[in-house]
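Asks: Sharing a structure here in structure tokens format.
Bear in mind these aren't lab numbers, they're just calculated from the coordinates by the rules spelled out. Please read these numbers as outputs of a predicted model, since none were measured by experiment. Virtual Cβ from ideal backbone geometry, glycine too; neighbours counted across all protein chains shown.
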Amino acid sequence: MRLRRRASCGASGCKFAGNGIASDSVAFYGPVWVDFNYKGAVQNGTFDSPYKLLASGISAVASGGIINIKPGDSSETFSDINKPMQIRSVGGTAIVGH
């Protein structure tokens, strides 16, 4: 038996449903998102519920993964990042450590 697979992709990544039922989907996460200006209570690193701190994004990102930062600035500083990753500013300038 061969399953038909459907993917629904948005800014926060893709959701994959092997049986076509959205409630049974398996999430495949894309980049981790950070927004220094985010006011929401839920922070899970998605586009719609980003982390407020870059440190949270760094902890959550997989080795070799990508962190996308929305425009803004943070006074956070770092001296010990112990895994490879890409950190990108998306949609404008993001300033860290000022």
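Asks: Just to confirm the filter: which trypsin sites (Lys or Arg not before Pro) across the stretch 25-90 are DSSP coil and have at most 13 other Cβ within 10 angstrom of their Cβ?
Replies: Numbers: sites: Lys39, Lys52, Arg88; in loops: Lys39, Lys52.
In loop regions of the stretch 25-90 (DSSP not H, G, I, E or B), the sparsely surrounded trypsin sites (Lys or Arg not before Pro) are Lys39.
Asks: Below 8 Å between Cα atoms, with a sequence gap of 6+, how large is the relative contact order for the stretch 38-98 in percent? Spell out each step's value before the answer.
Replies: Working: 84 pairs, mean separation 18.6, N = 61.
Relative contact order here is 30 percent.
Asks: Hey, can you grab everything whose amide H is under 5 Å from the amide H of Ala94? Only 5+ residues off in sequence or another chain; H modelled, so Pro and N-termini drop out.
Replies: Placed amide hydrogens put Gly72 under 5 Å from Ala94.
Asks: When only DSSP loop residues count, what chymotrypsin sites (Phe, Trp or Tyr not before Pro) in the stretch 32-98 have their Cβ near at most 12 other Cβ atoms within 10 Å?
Replies: Working: sites: Trp33, Phe36, Tyr38, Phe47, Tyr51, Phe78; in loops: Phe36, Tyr38, Phe47, Phe78.
Of the chymotrypsin sites (Phe, Trp or Tyr not before Pro), the ones in loops of the stretch 32-98 whose Cβ has at most 12 other Cβ atoms within 10 Å are Phe78.
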